[in-house]
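For reference, the structure discussed in these notes is given below.
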Amino acid sequence: MEKNCLFCQIVKGEKPADFVYQDDSLVVFKDIRPHAPVHLLIVPRKHIRSVNDLREEDKEIISDMIFKAKEIARGQEISESGYKLIFNIERGGGQVIFHLHMHLLGGW
Ligand code: 5GP
Ligand code: ZN
């Protein structure tokens with residue numbers, strides 16, 4: 001838990017979010033300003049600032065995030081039409097929330 005981190009607060013249930021999935025290692029909720037008909041954020045419970053800060057021991061987290069995205073896309077019936085999985089990394093890469101997350105965009 002990082003002080004003043006919005007996604008740590010959401011993960012802990014201290015701030016509301018529209019969750020579509022939760023387990024011990026990650027949560028998935030709707031983006032508050034969607035850029036696609038389906039726009040979800042896949043967020044590990046562990047506070048990691050960005051892809052730049054991933055360590056060897058985080059390999060399973062990244063793997064879980066991608067496999068969960070695939071499963072959720074299938075559940076939301078957007079697999080066939082196609083979707084994007086995006087990481088924004090640091091300010092130049094468009095990151096504004098500095099707690100690792102992956103965007104799942106689709107449903108066009
Ligand atoms: P980034 O640009 O850091 O990759 O993406 C952060 C995303 O978080 C943005 O798409 C933004 O709309 C979303 N976001 C920011 N604040 C909140 C919030 O309080 N709740 C939810 N559900 N999404 C948020
Ligand atoms: Zn955090």
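Given the criteria away from ligand 2 (no atom under 16 Å from the Cβ), open to solvent by 40 Å² or more (accessible area, probe 1.4 Å) and under 21 Å from K3 (Cβ atoms), does R91 qualify?
yes
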Requested in this report: Give S50, S79 a once-over and let me know the one that is at pLDDT 95 or above, hydroxyl-bearing (S, T, Y), surrounded by 14 or more Cβ atoms within 10 Å (Cβ to Cβ) and away from ligand 1 (no atom under 16 Å from the Cβ).
Outcome: S79
**Report entry** Hits in region 1-23 - residues which are without any contact (Cβ under 8 Å) to a residue 24 or more places away in the chain, within 14 Å of ligand 2 (Cβ to nearest atom) and open to solvent by 40 Å² or more (accessible area, probe 1.4 Å)
**Finding:** K3, N4, K12, G13, E14, K15
Query raised in the report: Are any residues in region 24-39 assigned to a loop (DSSP other than H, G, I, E, B), near ligand 1 (Cβ under 6 Å from one of its atoms) and surrounded by 12 or more Cβ atoms within 10 Å (Cβ to Cβ), and if so, which ones?
Result: D31
Query raised in the report: Do we have L105 as outside any loop (DSSP other than H, G, I, E, B), more than 22 Å from C5 (Cα to Cα), open to solvent by less than 40 Å² (accessible area, probe 1.4 Å) and within 14 Å of ligand 1 (Cβ to nearest atom) here?
Result: yes
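Does I72 satisfy the criteria of being open to solvent by 60 Å² or more (accessible area, probe 1.4 Å), modelled with pLDDT of 95 or more and either away from ligand 1 (no atom under 12 Å from the Cβ) or assigned to a helix (DSSP H, G or I) (or both)?
Considered against the rule, which asks whether it is open to solvent by 60 Å² or more (accessible area, probe 1.4 Å), modelled with pLDDT of 95 or more and either away from ligand 1 (no atom under 12 Å from the Cβ) or assigned to a helix (DSSP H, G or I) (or both), I72 comes out as no.
The values are calculated or read from the model by the stated rules, or taken from the named source; none is laboratory data. Just so it is clear, the model here is predicted, and its values are computed rather than measured. Using ideal geometry, Cβ is built from the backbone for each residue, glycine included, and neighbour counts are taken over all protein chains shown. The protein model used for the area step is the full one, side chains on, heavy atoms only, and it has no ligands, DNA or RNA in it. Shrake-Rupley method; radii C 1.70, N 1.55, O 1.52, S 1.80 Å.
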